[in-house]
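So the structure is just underneath, and the comments pick up after that.
Only the coordinates and a few stated rules stand behind these numbers; no lab work does. All values derive from a computational prediction rather than experimental measurement. Cβ placement follows ideal geometry from the backbone for every residue including glycine, while neighbour counts extend to all protein chains displayed.
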């Protein structure tokens, strides 16, 4: 009988603990936040390493140079009409610094957590700020240069996936190669550590634009981690 009573007491204690956890009692651990779940750490200062499309990124190409960008006829027509002076007069000198192009602009990044569910990416080129939200939320009613970005950890690949919509129309290159406000930007962020300890961040970007592109436009941008903020130099957008 004592043995049966002891088993009953053990059962009741286990059942009580489980019930308390289900009701949100002290036995229930709070769910991990996106910051806690991060399989990679991308925070810190980074500098772009221009290893792809150097002649299109380090200098502003001439008007009408669309090499490598899958523009359709309408996109080429809009690109041929590029006028940097008109952009400046309209207050649109940041058209080449939107989410569809900012990772291609040479410069530095400062990445930090705004809170446990929002990753913040600041650029010194154009003084832009991107916010990657890890929770579903309604986009603002007004389109912006950096749009509305929803992020998720892609644990099997140890990478970060970001989908950005709600964009203002902008340029994928500073010479007026356009993307429209219907564009969806999908990014995959991957972190690699070299044998010497250097950390490199690779951002693969796909732009899908039903208005100006004949097919998706895919690029790859590399960044090397820096020891600190030395060289950080926020500068305003420039139309040319």
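Among 40, 111, the order by Cβ neighbours within 10 angstrom, fewest to most, reads 40, 111.
Using a simple spin-label model with pseudo-atoms 7 Å out from Cα toward Cβ, residue 41 and residue 54 lie 3.3 nm apart. Descending by average beta-carbon neighbour count within 10 Å, the peptides 59-67, 172-180, 146-154, 189-197 line up as 172-180, 146-154, 59-67, 189-197, the highest first. With Cα atoms defining each centre, the range 83-126 and the range 202-228 are spaced 14 Å apart in the structure.
The candidate values are (1) 93, 43, 29; (2) 60, 35, 31; (3) 53, 41, 30; the one derived from this structure for Cα extents along the principal axes in Å carries the label (1). Estimated from helices alone, the mean residue ellipticity of the chain at 222 nm is -5000 deg cm²/dmol (sum of -39500 (n - 2.57) over DSSP H runs with n ≥ 4, per residue). Ordered by the number of other Cβ atoms lying within 10 Å of each residue's own Cβ, fewest first, 112, 143, 48 fall into the sequence 112, 143, 48.
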